[in-house]
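Here's the structure we're looking at; comments come further down.
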Amino acid sequence: MATPALAVDLDIDIKGTSIEQLMQINVTTVSRQDEEWQTTPAAAYVLTREDLQRAHVTNIPDALRLVPGVEVARIDANKWAVSIRGFNARTANKLLVMIDGRSIYDPLFGGVFWESRGELLDNIERVEVVRGPGGTLWGSNAVNGVINIITRNAADTQGTLVEAGVGSEEGLATVRHGWQVGPNASARMYAQHNARETGYSPLSSHDDARLVRGGFRVDWAAGATDQFMLKADAFDGTFGERLDATRYQDVNQKGNSLTARWTRDGNDGSQTRMQFWYDQFDLDNLNLGESRDTYDVELQHAWRAGDTHRFVVGTGYRRTRDEIRDGPLLGVEPDSRSDALASAFVHDEMTLAERSVRVQFGVKFEHNDYSGAEWQPSVRAAWVPDADRTVWAAASRAVRSPSRLESDVVSPFLTGNQDFRAEKLDAYELGYRQRVAPQVWVDVATFYNVYRDLLSIEGSVVDNKLGGTTSGVEIATRWQVSAAWRLDLAYTYLSLNLRADADSTDTASAARTEGNNPRHQWSLRSAWNPRAGWQVDADLRYVSGLEAPAVPSYLVADVGMTWRIRKGLDLRASARDLFDSRHPEQSGVTTTEVQRSVLLTLRWEI
Amino acid sequence: VDWQRLLLAGFIALVLSLADTARASGKPTLEYQIKASYLYNFLRYVEWPPGTLSGNTLLVCVFGKERFGTALDSIVGESVRGQVIAVRPVSEPGQLDGCRLVFVGAAERGQEDVILQQLAGRPVLTIGETPGFADRGGVINLIRVKDKIRFEINQQAAERGGLRIGSQLLQLAVRK
């Protein structure tokens with residue numbers, strides 16, 4: 001066949017990349033990671049840079065809609081409820097969310113302010129999502145899952161990027177510049193402005209938002225073994241919201257963070273990592289104001305012992321100090337508090353029976369100033385009979401340590417409890433992955449979770465008198481139809497069965513917590529490269545209705561197209577939430593509905 | 001609203017028109033893009049014994065070429081040391097006449113020994129990607145260290161074939 005090969009854009013310049021540069025490029029996202037994750041004894045999923053780019057999303061919650069088993073519901077135009085395996089709410093507190101190892105959940109309530117926390121999507125290398133307990137390696141709050149956002153090495157973001165997008169519901173402008181600061185050191189800096197329009201509500205919505213974020217990252221490879229990373233980010237945003245039928249407010253959130261990391265890769269396969277991070281956050285809300293500083297230092301060492309064992313040990317210390325400004329109806333006592341979190345873990349990964357069996361055993365000890373010492377053990381095992389099949393099972397215990405509000409809140413309807421204990425989970429998981437045909441992969445994960453000491457409200461006092469079980473099935477399939485076309489089909493089933501303890505007077509929490517999660521979620525995603533320079537993407541999503549507060553089911557489609565006008569210059573067009581002109585995803589006094597939207601983006605990389 | 005229907009119709013029309021010209025575009029994985037770039041770099045840092053680069057073609061023979069997809073296309077026709085690079089996909093040891101660089105893909109486990117024996121002591125830069133390739137007599141082995149692609153060099157194997165490996169390359173190797 002004499003047809004010249006189509007000019008497909010490669011990720012690197014084959015002739016123009018030096019050996020030193022080649023030695024620094026991470027291939028995890030593509031290959032070893034696929035192998036590694038194919039045999040991992042956990043329900044894991046990775047969103048790659050390509051997935052993010054092809055999803056035509058502008059924020060992390062919308063990107064997480066692509067991950068099987070993740071629940072994402074938009075509350076208003078700038079707020080989201082994100083969870084895994086149930087317990088979804090704006091205050092969902094059983095997830096650990098990190099950016100480059102820096103935890104971004106707020107210790108005030110244990111949840112994530114998704115409207116302001118995040119990262120420039122163009123800076124993200126991959127998003128690793130582990131459903132199920134990750135407490136043994138990651139620590140508290142990793143009860144129902146871990147979301148780890150990993151940003152790109154500065155060496156991979158050289159040159160200048162300018163991006164501008166206009167749409168019916170939002171507009172954004174981005175600049176990023178990367179350069180070499182030395183023979184083995186690279187840097188980048190970036191800034192982004194994002195403005196979001198209001199969602200639909202029969203009342204006035206007032207949920208428009210503006211967010212500016214910016215920062216820099218420096219990576220330095222000192223010799224063949226040592227790597228240093230320094231990253232700083234800042235954001236400042238104003239997020240409108242409705243307080244009740246007639247009153248509104250603009251909430252300001254701003255923050256700064258700094259992450260410094262040193263990694264040494266030994267020639268013997270060992271790795272030592274030391275990381276320090278600082279995070280400062282300010283929330284100016286009429287209901288409650290928060291100002292918080294958090295320092296965290298972690299040390300971790302991994303090494304191989306013979307062919308069988310790979311050990312990881314680590315220790316960490318975190319101190320968080322807050323000042324809370326009481327609102328008219330909500331306050332905390334004391335107004336300021338400084339808390340420490342100390343932790344240590346050991347993890348052994350064994351490879352047995354000619355690599356066909358992987359066993360992971362780990363335990364993490366943690367001490368927090370609210371509930372004291374907590375142990376989180378886990379055992380995971382995978383059987384890999386051949387290259388195409390993996391069967392895995394796991395049993396783990398995870399805890400969610402008390403939040404500042406649960407301990408110290410003071411309000412007419414809610415009183416904190418300093419004896420509030422950590423919420424506990426015993427989780428049992430079973431999973432199966434198979435490459436059922438050369439181009440077809442199936443990944444099935446099931447779980448049965450037993451919770452104890454969940455939050456209940458006794459009268460108006462916070463307590464631990466709720467428990468129960470949840471179970472579910474998560475299926476992800478991928479069909480690489482041809483080199484140019486990929487289909488992903490996912491289904492998630494979730495059932496929650498919570499009940500108050502016999503001595504509890506809380507009759508509302510169980511039903512409310514259960515009712516805010518969809519029982520069924522379906523998605524079908526298509527990624528297609530019809531010809532060189534063109535990408536066509538479509539995503540069909542069904543989410544079943546919520547019972548309490550009631551929200552009808554919805555079926556929406558997102559479509560997007562990228563046209564590479566010439567090297568480095570892309571025109572992107574997308575339309576989201578097609579089929580209905582609008583639909584609600586949550587219901588409440590402050591919620592607004594998601595409207596059909598279009599976005600046109602011009603992206604220029606020099 | 002009407003414009004939304006219009007937009008959808010436009011989208012469908014565009015998709016259909018693109019479908020007409022649809023064709024497979026095989027983008028290689030990042031791993032093989034990196035390996036392709038390594039091959040090109042190695043060609044520039046390795047010296048063949050005088051006289052072995054006769055003619056004006058520097059022939060690169062690749063077992064498992066399909067894994068590279070289009071990644072090697074851009075180096076074809078480039079000149080290195082006054083020689084023009086040509087790439088030949090091969091599948092059997094009998095096809096290696098005239099090759100100056102032989103890449104032995106991971107799928108060739110079965111015939112790797114035969115290939116290495118056949119090329120031992122000859123001025124051919126053998127490059128592999130399986131653990132132990134350099135120990136078994138290959139000159140350079142591309143290996144995975146953590147998330148990165150690094151390389152080992154078997155200097156004795158290189159010397160037996162009369163190849164001179166640049167000192168810069170030796171310094172960067174994981175194991176010499």
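Observations on the model:
- Helix B:30-45 vs. chain B, principal-axis angle (Cα, 0 to 90°, nearest 10): 40 degrees
- At R0 = 41 Å, FRET efficiency that the Cβ-Cβ distance of residue A:483 and residue A:282 yields, to 0.05: 0.25
- Net charge, residue A:523 excluded, C-beta distance under 11 Å - Lys, Arg +1, Asp, Glu -1: 0
- For chain A, a simple Cβ point-charge model (Lys and Arg +1, Asp and Glu -1, everything else neutral) yields a dipole of about 1340 debye relative to the Cα centre.
- Under 12 Å from the residue B:109 label point (7 Å along Cα→beta-carbon), backbone N, region B:125-145: B:130-131
- Peptide B:148-155 - average C-beta neighbours from other chains (10 Å radius): 3
- Computed over neighbours whose Cβ is under 12 Å from that of residue A:511, the net charge equals -1, Lys and Arg +1, Asp and Glu -1.
- Mean separation of Cα contacts under 8 Å (6+ apart) over length of chain A, as relative contact order %: 11 percent
- Cβ-Cβ FRET estimate between residue A:604 and residue A:180, R0 fixed at 30 Å, reported to 0.05: 0.90
- Within the assembled protein chains, the solvent-accessible surface assigned to residue A:70 is about 10 Å², based on a 1.4 Å probe.
- Helical mean residue ellipticity (222 nm; -39500 (n - 2.57) per DSSP H run of 4+; nearest 500) of chain A: -1000 deg cm²/dmol
- Put a dot 7 Å past the Cα of residue A:418, heading toward its Cβ, do the same for residue A:505, and the two dots end up 2.3 nm apart.
- Averaged over peptide A:431-440, the number of partner chain Cβ atoms lying within 10 Å of each residue's Cβ comes to 0.
- Gaussian network model of chain B, Cα within-10 Å springs - most flexible of B:55, B:161, B:77: B:55
- Within 10 Å of each Cβ in B:70-82, the average number of Cβ atoms from other chains: 2
- Pairwise label distance in nanometres, residue A:191 with residue A:532, each label 7 Å out on the Cα-Cβ vector: 3.8 nm
- In terms of distances greater than 24 angstrom between alpha carbons, the cross-link table entries A:254/A:364; A:231/A:254; A:231/A:364; A:231/B:35; A:94/A:364 yield A:254/A:364; A:231/A:364; A:231/B:35.
- Net charge, residue B:166 excluded, C-beta distance under 11 Å - Lys, Arg +1, Asp, Glu -1: +1
The values are calculated or read from the model by the stated rules, or taken from the named source; none is laboratory data. Please read these numbers as outputs of a predicted model, since none were measured by experiment. When we count neighbours, we look across all protein chains shown, and the Cβ atoms used for this are built from the backbone with ideal geometry, even at glycine. With ligands, DNA and RNA removed, areas are computed over all heavy atoms of the protein, side chains included. Shrake-Rupley method; radii C 1.70, N 1.55, O 1.52, S 1.80 Å.
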